[in-house]
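Chemist: Got a structure for you, questions after.
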Amino acid sequence: MRFPIYSLRTGILAALTVLILLAMFLINVVMLKFSERDLVEARLKTGRLLVRTIGQWTVDRMTYEKRPLSKVVGHEDYRLAMSRLLQGTDFIEAVLVNDKNIALFRMGSGQGLRQATASNLQKVIQSGRWSLDFSGRTWGVIWPAPQAMQVSGPITFEGKRVGAVAVSASLDPLYGALRRSEKAVLIFIGLNALILVLFGLYLLSRTVVKPVHRLLRVTDEFEAAGDLIPEYRSSRNEIGTLYRSLRAMLKRLDENKKELKATISSLEAANRKLTEAQDEMIRSEKLASVGRLAAGIAHEIGNPIGIILGYLDLLKGEGIERADQVDFLNRVTSEITRINRILRELLDFARPSVMEHKSIEMHQLIEETLDMLRPQPMMDDLQIDLHLQAEKTLVLGDGDKLKQVLLNIVINAADAMSFPENESVSAEKRLTVTTESRGKWFMLTVSDTGTGIRPSDMGAIFDPFFTTKAPGSGTGLGLSVCYTIVEGLGGTIEVASDTGEGTTVRVEFPLSDVDNQ
């Protein structure tokens, strides 16, 4: 009989062996625990009997000799009698104290009693109650157990507590006896487990393994969808039911394949349309931002053009020295370069981009975006505080879309601080941009001192076309686009705000693998 490693028979054999061994071992553990408990109980009863005997014998000597406890205990005959009494028991240490908890008699090594006996006997003298204490740790049979036990009891003479007695016994001999008997028990468990496993394997192979192998052969031979396996009639148990269910399932499989293909095609088409709609929404918001920026840039370009025209008029004049001409031309060139830079930034942002995920340096992107926005009229009288504290700054994503996220957030913040008719706006227009890196995340926080958002509107700020701005001042797609882009990059975006308290937008992006190494 062969037993392949991954066969059903091997699995059943392994599971059966483990279950039987585990069950028998647990039974053995329970019985062992009961035996240990009974032996400790017997040792405890012996200790209590020994303490009573010592106490009663001591009281009898005090009564007979009419001497105090210290005189009785100090006599050599008392010590010899106590020694003979302990030799007949498993208790190897004993101590007797007076009512002041002063040791009058001690026998044995005393190491197990010196540490805990004083406090235990003091409690016994004060309360008049017996005390049981386990001390030390040693290896029992199959788990750690107390190494020694101590039994303490009071000595009463003529209705008064005149002292107390404590005896101690090592439990190592008890564990040793249990370990010796455990070897025979383990051999018995092994033999029983072997017999039960072999018999159980025979029964399971006959009732389960062989029918399953027959079923596997049938499924292996099933090739074409139209083929049907022959009906299995020889069994009415669960295996036979499974056989017939499989036959019905294979019959439906071909029909489900066709439905699945149609559903997959439909989902792929819907997914393409959804992606196109999202891209179109992002492009629309981007063009709206470009249009708004273009209006501001047109105003900003007017100043350098006026300067250029002025210098050109000066150059037309006569009697201008060569050095002044060069200076005028340099100034004209500087203003033209300024206009070119402003227009190039706007065109670069407006240009359609191919979606390309790569490592983006976020601090550089933040500074570029703010430089593009500074010429805008909305940024007039607006103080920008930069706290770029992130140690890791590489984010995996598309640079244009990351810039669009920051652009929308900053424009919203600037708009919130440019409503003079709203009394809730802070007199100080301050935009704070903070970055930090924590673990595998890059965190960007943008805070403003603007009007804030009403609590009733907080639940809808990410909805498309939702806006609190005046008609014609916004599309209502800014935060919705931000949410779509950030979520597509595997990040999160959160907004905290209240009316008149400003707004804080917190965005988290996953760092690039290059920055995680």
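Chemist: If you go through the range 143-152 one residue at a time, how many are part of a strand (DSSP E or B) and either touching a Gly at 6+ places or on another chain (Cβ under 6 Å) or surrounded by fewer than 20 Cβ atoms within 10 Å (Cβ to Cβ) (or both)?
Modeler: Just the residues of the range 143-152 that are part of a strand (DSSP E or B), to begin with: 144-152.
Still in the list and also either touching a Gly at 6+ places or on another chain (Cβ under 6 Å) or surrounded by fewer than 20 Cβ atoms within 10 Å (Cβ to Cβ) (or both): 144-148, 151.
Residues flagged as part of a strand (DSSP E or B) and either touching a Gly at 6+ places or on another chain (Cβ under 6 Å) or surrounded by fewer than 20 Cβ atoms within 10 Å (Cβ to Cβ) (or both) within the range 143-152 amount to 6.
Chemist: Turning to a different aspect of this structure: Mind checking whether some residue in the range 31-49 is outside any helix (DSSP H, G or I), modelled with pLDDT under 85 and surrounded by 13 or more Cβ atoms within 10 Å (Cβ to Cβ)?
Modeler: So far as the range 31-49 goes, no, none of its residues is outside any helix (DSSP H, G or I), modelled with pLDDT under 85 and surrounded by 13 or more Cβ atoms within 10 Å (Cβ to Cβ).
Chemist: Could you check how many residues of the range 131-142 are outside any strand (DSSP E or B) and either open to solvent by 20 Å² or more (accessible area, probe 1.4 Å) or among the small types (Gly, Ala, Ser) (or both)? Walk me through how you get there before you give the answer.
Modeler: We begin by selecting, within the range 131-142, every residue outside any strand (DSSP E or B); these are 140-142.
Next, from what is left, pick out any that are either open to solvent by 20 Å² or more (accessible area, probe 1.4 Å) or among the small types (Gly, Ala, Ser) (or both): 140, 142.
Going through the range 131-142 one residue at a time, the tally reaches 2.
Chemist: Test of understanding: among Arg52, Arg79, which residue is at pLDDT below 85, open to solvent by 80 Å² or more (accessible area, probe 1.4 Å) and closer than 15 Å to Val165 by Cβ?
Modeler: None of the others qualify; the one that does is Arg79.
Chemist: So, Ala496, is that one of a type outside the set (S, T, N, Q) and either assigned to a strand (DSSP E or B) or at pLDDT 75 or above (or both) or not?
Modeler: Criteria met by Ala496.
Chemist: Could you tell me whether Phe188 is at pLDDT 85 or above, open to solvent by 10 Å² or more (accessible area, probe 1.4 Å) and over 45 Å from the mean Cα position of the chain (by Cα)?
Modeler: So Phe188 fails the test.
One line per residue, one yes/no per condition, for (1) at positive phi; (2) assigned to a strand (DSSP E or B); (3) modelled with pLDDT of 90 or more; (4) in contact with a helix residue (DSSP H, G or I) (Cβ under 7 Å, 6 or more places away or on another chain):
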residue: Ile342; (1), (2), (3), (4): no, no, no, yes
residue: Glu345; (1), (2), (3), (4): no, no, no, yes
residue: Val354; (1), (2), (3), (4): no, no, no, no
residue: His363; (1), (2), (3), (4): no, no, yes, no
residue: Glu367; (1), (2), (3), (4): no, no, no, no
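Chemist: Checking Gly159 against (1) on the phi < 0 side of the Ramachandran plot; (2) surrounded by fewer than 17 Cβ atoms within 10 Å (Cβ to Cβ): exactly one of these is not met. Which one?
Modeler: Unmet condition: (1).
The values are calculated or read from the model by the stated rules, or taken from the named source; none is laboratory data. Computed from a prediction, not measured in an experiment: that's the story for all the values here. FYI the Cβ positions are ideal-geometry reconstructions off the backbone, even for glycines, and counts take in every protein chain you see. Calculation scope for accessible area: heavy atoms of the full protein, side chains included, ligands and nucleic acids excluded. Shrake-Rupley method; radii C 1.70, N 1.55, O 1.52, S 1.80 Å.
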